[in-house]
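Single-structure report; data block below.
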Amino acid sequence: MKVNIIELLSWRDRRAVGQGGELLSADGLFINKRHQGAFGLCFADTPEIAVDEFITPERYEEATAFTGSEATEDYFFLAEILLNIFWYQKKKQVVNQRLKLFCLKQIIFQQQHDAMQLPRLFHFLLFFHPCSEDYIERFSLSKDGFLYKGAPVDIPSIIATLFDYFINHKSQSPSPDDFSKEHLSVSKALVLDTLKLMLPHETQVTYEVPGKDTSILLATIFSQPQAFFDLYHNKKAEFFRLLKESLPLYSVRSWDDDPDAQASTYYGTTKKDSIEAYFNRPARVIRRKKYLVEFFVDMYVFYILSHPDGVRTMLDVVEEGDVFRQQLLTVLFSHPFFNADARVELIKSGVYKQLPEGHWKDQINKMAAGMKD
């Protein structure tokens, strides 16, 4: 049994841009529908059952008892994390949902391009679930496969063995009676095929663009991420023109000023006039275009702007005094990809001293002063 993971991931994109109704997979195995207050991935033959409903606290105990290893709980939790990616819930952790999906898509893409990015992408995939810091630190991903506590580990084989045990001992299992052996086999295939795409593979991936009537360039970047790098490295002026045109749709807000959960990322808990002054927000937002803009800007922050060289290039390209500089810095400093490690890297490089005066320059100066003490 082989599952079309890319088709199922495209359903997540469709839900994020507002598509309703039920979606049936081409192989007839899955249906995406309203389920328990969200859009869930369910079995087509029993639409009232989601693909991850066999996961219960008792199931974790069963798995650990079978192997006798405490690590089993970590491996099984990874399977739960991957199954959760296929869910979409409006207005609840929408930023985390978007960025977790982004990281998985980029892992699948980068297995054929830049394997150096894999550890960082996998780190953030777990971070956005969210997982504890200790759990995140136990795992890594490289071009050669998964690592657990620094040692190579065949996670697909381990998870396959767990599923086989569940299937073969279904009669003694604590899982719901209506979750059959056949359902377990489908969920197993779903997890394993997702893991396979996270490892070196031959599949040429093109992501379906949700919606219509969107920017051709944004759509190209979304469907074929390599276009992002081609544009940045070969047509920098066009890249920054697109970025400047797109940025108004990338909504950076405070937690207390986002009642409809429309933010692309958050700059803090309370609204600050000094930051709000950088933006002239559009009165009307086309949801599908905003979604493509978020993918584009997230790529820019992850691959370019969160590194000192990317900040230096931005300062060279964007004219001094242009509010676009402050807008990009607001996106950068508000984005989860620009974490503490990235900020330390910016300080150590000295590039932070070149930032324009304003809120974010003050923030990084305070951090730099604290590092000297």
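The values are calculated or read from the model by the stated rules, or taken from the named source; none is laboratory data. None of these values were measured; they are calculated from a predicted model. Cβ sites come from the backbone with ideal geometry, for glycine too, and all protein chains shown count toward neighbours. These area figures cover heavy atoms from the full protein model, side chains too; ligands, DNA and RNA do not enter into them. Shrake-Rupley method; radii C 1.70, N 1.55, O 1.52, S 1.80 Å.
Skip the ligands, DNA and RNA, and give the accessible area per residue of the stretch 1-144 with a 1.4 Å probe, whole Å².
Result: 42 Å² per residue.
Once the other residues with Cβ under 14 Å from the Cβ of Ile81 are scored (Lys, Arg +1; Asp, Glu -1), what is the net sum?
Computed value for this residue: -2.
Once neighbouring chains are kept in place and the probe is 1.4 Å, which whole percent of the accessible area of the stretch 122-259 is contributed by carbon and sulfur?
The value for the stretch 122-259 is 51 percent carbon and sulfur by accessible area.
Compare Val252, Val301, Val153 in a GNM of the chain, Cα atoms joined below 10 Å, and give the one with the largest fluctuation.
Val153
Given the options Val317, Gln172, Thr269, identify the residue whose Cα lies farthest towards the positive end of the charge dipole of the chain (+1 on Cβ of Lys, Arg; -1 on Cβ of Asp, Glu).
Val317
Taking K and R as +1 and D and E as -1, what net charge do the other residues with C-beta under 12 Å from the C-beta of Pro248 add up to?
Computed value for this residue: +4.
Enumerate the calculated ³J(HN,Hα) couplings along the stretch 81-97 in order (Karplus 6.51 cos²θ - 1.76 cosθ + 1.60, θ = phi - 60°), each rounded to whole Hz, writing x wherever the residue is Gly or Pro.
Whole-Hz 3J(HN,Hα) from phi for the stretch 81-97: 4, 5, 5, 5, 4, 7, 8, 9, 10, 6, 6, 10, 6, 5, 5, 4, 4.
Return the whole-Å distance between the Cα centroid of the stretch 112-133 and the Cα centroid of the stretch 91-111.
10
Which value, in debye to the nearest 20, describes the size of the charge dipole of the stretch 173-299 about its Cα centre when Lys and Arg Cβ atoms bear +1, Asp and Glu Cβ atoms bear -1, and nothing else is charged?
I would put it at about 500 debye.
Using a Gaussian network model on the chain with a 10 Å cutoff between Cα atoms, which of Met198, Met299, Met314 fluctuates the most?
Met314
Need the C-alpha centroid separation for the stretch 231-270 versus the stretch 325-373, integer Å.
18
Which whole-number percent gives the relative contact order of the stretch 239-290, counting Cα pairs below 8 Å spaced six or more residues apart?
Here the relative contact order equals 36 percent.
Considering only protein heavy atoms, what per residue accessible area in square angstrom results for the stretch 240-373 with a 1.4 angstrom probe?
Spelled out: the 1.4 Å probe surface of the stretch 240-373, per residue, equals 47 Å².
Could you give the dipole magnitude of the chain about its Cα centre, charging the beta-carbon of Lys and Arg +1 and that of Asp and Glu -1, in debye to the nearest 20?
So the dipole magnitude of the chain works out to roughly 1240 debye.
Can you tell me which of Val331, Val285, Val17 moves the most in a GNM of the chain? Springs connect C-alpha atoms under 10 Å apart.
Comparing Val331, Val285, Val17 in a Gaussian network model of the chain, the most mobile one is Val285.
Counting only protein heavy atoms and a 1.4 Å probe, tell me what percentage of the stretch 268-320's accessible area is made up of carbon and sulfur.
Exposed carbon and sulfur together represent 44 percent of the surface.
By per-residue mean of other Cβ atoms within 10 Å, what is the highest-first order of 20-29, 202-211?
The most tightly packed comes first, giving 202-211, 20-29.
Find the relative contact order for the chain and round it to a whole percent, using C-alpha pairs within less than 8 Å whose residues are 6+ positions apart.
Relative CO of the chain lands at 14 percent.
In the structure shown, do any of Lys348/Lys372; Lys90/Lys244; Lys105/Lys196; Lys149/Lys188; Lys33/Lys290 have a Cα-Cα gap over 18 Å, and if so which?
Violating the 18 Å Cα-Cα cut-off are Lys90/Lys244; Lys149/Lys188; Lys33/Lys290.
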